[in-house]
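The values are calculated or read from the model by the stated rules, or taken from the named source; none is laboratory data. Worth saying up front: this structure is predicted, and the values here are computed from it rather than measured. These area figures cover heavy atoms from the full protein model, side chains too; ligands, DNA and RNA do not enter into them. Shrake-Rupley method; radii C 1.70, N 1.55, O 1.52, S 1.80 Å.
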Amino acid sequence: MKRKKQGLGRVTEWKRRIGARPLEATGGMTVERTSGILAAGADIISVVTDIALDVDSESRVTAWLDVTHCKERTT
């Protein structure tokens, strides 16, 4: 089901409401939006389309690992 965009302000509001519970951001996530989403209060980012539709999915996964500082990788 398609939902209306919430925006960074709503992410901040939801985090304020739920406190220490983890907040997941999903839908429309891109590497370029990551810093804003995390700064707004998201603890987890779920991403599928940004990787699946990229012409070089492997490089896009690497970009996600870099931007989220996940340096440990399994092969």
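Anything in region 1-20 that is open to solvent by less than 90 Å² (accessible area, probe 1.4 Å) and among the charged types (D, E, K, R)? List them, or say none. Answer for region 1-20, where residues must be open to solvent by less than 90 Å² (accessible area, probe 1.4 Å) and among the charged types (D, E, K, R): Glu13, Lys15. If you go through region 1-20 and pick out every residue that is assigned to a helix (DSSP H, G or I) and either modelled with pLDDT of 90 or more or closer than 12 Å to Ile45 by Cα (or both), you end up with 11.
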